[in-house]
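Notes follow once the structure below has been shown.
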Amino acid sequence: MKKFALFAALTVLCALFSGCEPIGEVQRRIVVHAIGIDPAEGGFEVSYEIFSGSEAPGGGPVDASESTVVTLLALGRTLFEAEESLRLQTGKEIFLGDVELIVISEEAGTENIADFLRYFRKSDVYLGTNVVFCRGRAKEIVGAKLKQGSATAILLRGVIERAIEGGRACSSRIIEISNALSEEGEAAAVPILTLERGEETSEDSTVSDLNVGVFESLLIPSGELSEISETETMGIRLLRGDARKMSLEVAVGEKIASVRLEGIKISRRAEIFGDSPHIFIEIEGSYETEFSPGGVSEEEIQAAAEKQLLELCERGLSALKESGADFIGLGKLLYRCAPEYAAAQNGDFSAAIAGLSAEAYARLRKY
Amino acid sequence: MAYEGRPLGISLEGAIAAIKAEFGGSSDLNVVRTEVSGVKCAILTLEGMVKTSDLAKSLFEPLMGFKAKNAAPADVFKFLSEYGLFSTESAVINLVSEAAERLCSGFAVVIIRGFPRGMAFGAQGFASRAVSEPDSEPNVKGTREALSDNIRTSMALIRRRIKSPKLRFELLKAGKLSNTELCMVYIDGKTPNALREQTKKAIESIKSDLILTSGNIIPYLGKNGGSFFSGVSTTERPDVLCAKINGGRIAVLIDGVPFAAICPALFIENFRTVDDSADKPYYAAYQRWIRFFAFFVSSMLPGFYVAAAVHHPEVLSRSLLLNLLASEERTPYPLIAEMIIVIVMFEILREAGIRLPRSIGGAVSIVGGLVIGDAAVTSGLISAPLLIIIGITATSAFVIPSLNPQMTVLRILNVLLGGAIGFFGIALLSAVTLINACVTDSFAVPYTAPLTPFTPSEAKNIFIKTSALSRRDFKTVEQLNGAGGESGGEDA
Amino acid sequence: MPKTEKISAGQLMLLLFLSRIMHTMIFRARGFSSGTPLMLGLFCATALEAVAAIPAVLYYSKFGGDPSAELFKSRAIWLRLLYSAYFAVIAGGTVALFTRFLSSEFSKTVSPAIAIILLCAAAAYCASRGIEGLGRAGTVVFWLFAALFVFMALVNKGGFDWLNLRPLTAGDGEKFAEYFFENLSSAWWLPMLCVLGESLNGGAAKAAYGYLALKLAVIEALLLLVTVILWKYVNVIGYPIFALGAYAKSDFIQRFDAINMLVWAINCVLAVGAYLHICAKPFKSPKIFSPIFAAISAIFAFAAYFFGLEFDSAWFLAFKSIGVAALGIAVPGAACIKAYVSGGRKK
């Protein structure tokens, strides 16, 4: 009897507890899909793309589509304050665990990126979420009504992932940027999203007047910022040794061929010549010709692709030296290959970057 | 019990009166007075306990045919006890209480005037059901016969499957009032002596007045204070019973109950079926994995769903989370209350389905499925994803009926704890349940064997069902690691 | 078939491992820079633990019985009470650190006070049901942990950067020493072995060295993964092993944070249950004394939460170390010597 009474008491207690927290009601929670951060006077204007359950059609499956998402704006001196402001606006708990994308406008991000990352680490945001910069206002990108079918956040995540997969942008997950920035002398390359408005179309037109894409990246070292082009980004990824796939448009004489590279394997080695490091990069992989103009042989295309890879490395190297920051994990490589030299740098590899030279070899084989 | 220990005596009427008084003048006591070679006798039976036609043929006819000149009562008794072949079972009766006991067991008692002893002849012929199909344990490729209410029929059903002198039946009695016959069934050489002795002692310790179901004896067989799971299982299938006693277990048949209690029981046995042996090993293994999965789904899915939705939405995939949010927008109750309502509703429907006569049982599914289910969603009382979760849960529960009580209680507790404190609550409940299962044992055989303590050869046969041809290392319960204490050997 | 209340060497090995891995789970990283010195620190500490285990292993292999009784006969109760007090503090520390983890990562789910009460209550129940149940449940929880670990590794979205595995430099000495001593102080499996060895059905050496091998393999693997996947992100996320899980993502289970917590909470109940069982062992009725020691542990945990008692500070490190040296090495060592000198009672 005593046991039963104890069991009954525990059951009743649990039932009572379940009603104590307002979080017990699922509908009192706002699911955020994307966050956009713009500068505002004395702080930030944060745009949240949220899911609106009440807008969802009754019956049938529901997903984050144009009809079920809305963008809300909140102001705050910090991101915490903006989040609190959103909480007050909606009267609901903010759930950031489903955030697919964080868009930061260049003006807001260049100086405050470290603070932003610190905020995201402490929230529920998945540490593999992509962080990108954008030209213009982030709220325009987050709130853009794209006609490709799904909500902006999911669509843009796809755009960025394709760019990263194709080697045109560097992977920019929260954890990767945080790690890069935590290393002295290291830096991160963050893709820049650009939203361009094309020719105006009528309201009911099925043709979208919005173009979105990743065309450049922003280098954020501890010192000065610099922008790098798509090809320079590709070069940096080759120097970093983290490119697995790439699509190249290669010039064979006057003609242009399209080549897809798969299974790229890059081995890096560093040596110290005089006072400066020298890195050897060997690129191996297979290629497939996607488009071959008439009158061009496979051998010519292969040679042109190999040559272009070397050119990309050169461009990457010059962009790297220009920025003066370590985007390619040179410090780590030197700790492995030349520990004494690395230790002598005391964590500052700017001199090593300035004097860096590279030698690249590319060997491709038919897919 | 005024007549306990009282001798039968030589007075015929006195003996009849004493027996009648023992039964308190019960109307079902029949007394037939007759003369055998001039000696007055009485044949006593209990109404419905003997087969009258058999009695007439095997007892009355030979008795009437006995002719002796100047026969004395002793001559009649001698004829009854030494020369006559009236029944396969017979016993000499000295006391009134002995006569009453035999009568209750379906014997006919013959009392002779002027002789202090009587004779009892087995002529059992209770009205009982014919051997029917095992309704509660249906299968595809096994036998269609179930154990019977009649203990003798059940014994015959078992003997037909194990035609070996090593199969042993030991008849015992229990129940202070009912004096019910129980029968211990085991295979000599397979079942450990200690298990037999302990079972016997357990049966002898039964203090109940009546033994009407297997539930009356199970608490005595599997003494496990505070155990959530039972160390004793039941079956109504003779083939399952035979397989289990072949594994070193002991079965107890109960007269009047078509279910046998089997001990010791293992957790893993709930996931085995007769069809496993009939199917290809790979398919049997696959089916068994499905049953394991169904157990966890049935006991934990609603709790997990509530905990994830309320406390850990990051666990749910985006589409599921959004669907959940959209549907919850329109429902009036918090998710946990909704879940409890649906679970209680389901339990009511299930109970109604069991208790209603079969002819109208179908109406329950119509009312439950169509009216309540559809209407509840359409009216916005309950969200559609939640109803799907309960649908999956309920269907999974039907896969392992033997664990239904445990799954039902775990389900509701998981919902309450998961709803209150998320996965942390589910973790605490899981830890406590796990420990409870691990300390449960029946006759020192761990309930969780052969998984933990681990017996590799047996565990292999659970997860990767091996073919009967390749199984040469079949182990009885006594040989499992941990039976009677942990070994320092291979197990972990 | 009589019941013996004994556990096998394999079960004890897993029980020791689960209590150690619990410590790793709730370990909060401070100033992570490179995994290499930590990995070396763990290796060296394990090697030293293997030597330190010799007295206990030798005692149970050669003589058996309670080492406290061997030393002090009828007055052994005082030594046994010391073991109880030591493990009550360890249990309190484990509950406190796990509650800190809960309140930092799942603050909206459960309040620390309720978490402490529920954890201690569940652990008291587990302890009161005896060592057999704990040993058997330990096997299940180990496989649960292993299954989760493998599954999370398979769906982990993090890339391996092998350059994170830096060669050792002279500057790593301090980090190495810190982790080495931290590991040694966490070797309370030695006093555990001294108490639970009595319930062992033979194979003390197998339990001790099996545990060391398992611990070395699993924790080195975890350290390696943390280093090559998470790198310095560890410094900001707090719990490295937890973050490793947080990086896993699948279509079916979106994130593994809460799933991790679920398995850890089960493990915590079991580990604290084992400590409480040790606490209650000198007394005749574990059903009464397990809840009493659970209440004492809860007081320690409350002290950590409400009064800032720190269970990962220097004093606790010293307390743990003294306990390991005195109760895990000195007591069985002295018992061994005494048994040898007095002719020894063979098992």
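Throughout, read-outs are computed from the coordinates displayed, never taken from laboratory work. The shown structure was predicted, so the numbers you read here are calculated from the model rather than taken from an experiment. FYI the Cβ positions are ideal-geometry reconstructions off the backbone, even for glycines, and counts take in every protein chain you see.
Enumerate the amide H contacts of A:ALA34 below 5 Å, restricted to partners 5 or more residues apart or on another chain; note that Pro and chain-start residues carry no placed amide H.
A:GLU49, A:GLU100
Based on the alpha-carbon gyration tensor of the stretch B:278-439 and its eigenvalue square roots a ≥ b ≥ c, which shape applies: rounded if a/c is under 1.5, prolate if not and a/b is larger than b/c, or oblate?
Oblate, because a/c is 1.5 or more while a/b does not exceed b/c.
In whole Hz, with x marking every Gly and Pro, tabulate ³J(HN,Hα) for the stretch C:84-93 from phi via Karplus 6.51 cos²θ - 1.76 cosθ + 1.60, θ = phi - 60°.
4, 5, 4, 6, 5, 5, 4, 4, x, x
Cα to Cα, under 18 Å, and not fewer than 8 places away if on the same chain: which aspartates and glutamates meet these conditions relative to C:LYS320?
C:GLU49, C:GLU178, C:GLU182, C:GLU310, C:ASP312
Through the Karplus equation 6.51 cos²θ - 1.76 cosθ + 1.60, θ set to phi - 60°, convert the phi angles of the stretch B:239-253 into ³J(HN,Hα) values in whole Hz; use x for Gly and Pro.
Coupling constants for the stretch B:239-253: 5, 5, 4, 5, 4, 6, 5, 5, x, x, 8, 10, 10, 10, 8 Hz.
Whole Å is fine, so just give me how far the alpha carbon centre of the stretch A:99-121 lies from that of the stretch C:167-232.
Going from one Cα centre to the other spans 39 Å.
If you average the sequence gap of Cα pairs under 8 Å that are 6 or more apart and divide by the length of chain B, what percent do you get for the contact order?
13 percent
Compute the acute angle (0 to 90°) between the alpha-carbon long axis of helix C:35-52 and the principal axis of greatest extent of the alpha-carbon atoms of chain C; round to the nearest 10°.
Value to nearest ten degrees: 10.
Efficiency by 1/(1 + (r/R0)^6): what FRET value for B:SER81 and B:LYS163, r their Cβ-Cβ distance, R0 = 45 Å, to the nearest 0.05?
0.85
Between C:ALA50 and B:PHE292, what FRET efficiency follows from the Cβ-Cβ distance if R0 is 51 Å, with the result rounded to 0.05?
It comes out at approximately 0.85.
Based on DSSP H runs of at least 4 residues, each adding -39500 (n - 2.57), what is the mean residue ellipticity at 222 nm of chain C after dividing by all its residues, to the nearest 500 deg cm²/dmol?
The helix-only estimate for chain C comes to -23000 deg cm²/dmol at 222 nm.
Grab the stretch B:151-265 and count how many Lys pairs have their alpha-carbon atoms under 17 Å apart, sequence gap of 8 or more, or different chains.
Lysine pairs satisfying the spacing and distance rule in the stretch B:151-265 number 15.
Would you compute, from DSSP H runs of 4+ residues alone, the mean residue ellipticity of chain B at 222 nm, taking -39500 (n - 2.57) per run and dividing by the full residue count, rounded to the nearest 500?
That calculation yields -13000 deg cm²/dmol at 222 nm.
Straight-line reach from A:LYS245: which lysines have Cα under 20 Å away, leaving out those fewer than 8 places along the same chain?
Filter leaves A:LYS265, A:LYS307, A:LYS366, C:LYS157.
Can you list the equivalent-ellipsoid semi-axes of the stretch C:9-334, largest first and in whole Å, using the square root of 5 times each Cα gyration tensor eigenvalue?
Ellipsoid half-lengths, sorted descending, are 31, 23, 18 Å.
Give the shape of the stretch B:252-359 as rounded, prolate or oblate, defined through the alpha-carbon gyration tensor: a ≥ b ≥ c are the square roots of its eigenvalues, a/c under 1.5 means rounded, and otherwise the shape is prolate if a/b is larger than b/c and oblate if not.
oblate
Calculate how steeply helix C:286-307 sits against the longest principal axis of the alpha-carbon atoms of chain C, using the helix alpha-carbon long axis, and give the answer as 0 to 90 degrees to the nearest 10.
The angle comes out near 40 degrees.
Scan around B:SER148 for amide H atoms under 5 Å from its own, H built in the peptide plane at 1.01 Å from N, and keep only partners 5 or more places away or cross-chain.
Hits under the 5 Å cutoff: B:SER154.
Specify the angular offset, from 0 to 90 degrees and rounded to the nearest 10, of the alpha carbon long axis of helix B:404-439 from the longest principal axis of the alpha carbons in chain B.
Orientation of helix B:404-439: about 30 degrees from the principal axis.
Could you sort C:134-147, C:95-108 so that the peptide with the highest average Cβ count within 10 Å comes first and the rest follow in order?
C:134-147, C:95-108
Just how far, in whole angstrom, is the stretch B:86-154 from the stretch A:291-334 if you go by their alpha carbon centroids?
96 Å
If all Cα-Cα distances of the protein assembly as shown are sorted into 10 Å bins from 0 onward, what percent lands in each bin, rounded to whole numbers?
P(r) over the protein assembly as shown, rounded to whole percents: 2, 8, 13, 16, 16, 15, 11, 7, 5, 3, 2, 1, 1, 0, 0.
Given +1 on the Cβ of Lys and Arg, -1 on the Cβ of Asp and Glu, and no further charges, what dipole in debye does the stretch B:311-425 carry about its Cα centre, rounded to the nearest 20?
That gives the stretch B:311-425 a dipole magnitude of about 300 debye.
With the contact rule set at Cα under 8 Å and sequence spacing of 6 or more, what percent relative contact order holds for chain C?
Worked out over chain C, it gives 42 percent.
Hey, which lysines would be in cross-link range of C:LYS6, C-alpha to C-alpha under 17 Å, not counting anything within fewer than 8 residues on its own chain?
Straight-line reach from C:LYS6, under 17 Å: C:LYS206, C:LYS281, C:LYS284, C:LYS347.
With θ set to phi - 60° and the Karplus curve 6.51 cos²θ - 1.76 cosθ + 1.60, what are the ³J(HN,Hα) couplings of the stretch C:166-179 in order, to the nearest whole Hz, using x for Gly and Pro?
For the stretch C:166-179, the Karplus-derived couplings read 7, x, 5, 10, 4, x, 7, x, 5, 5, 4, 4, 4, 6 Hz, x marking Gly and Pro.
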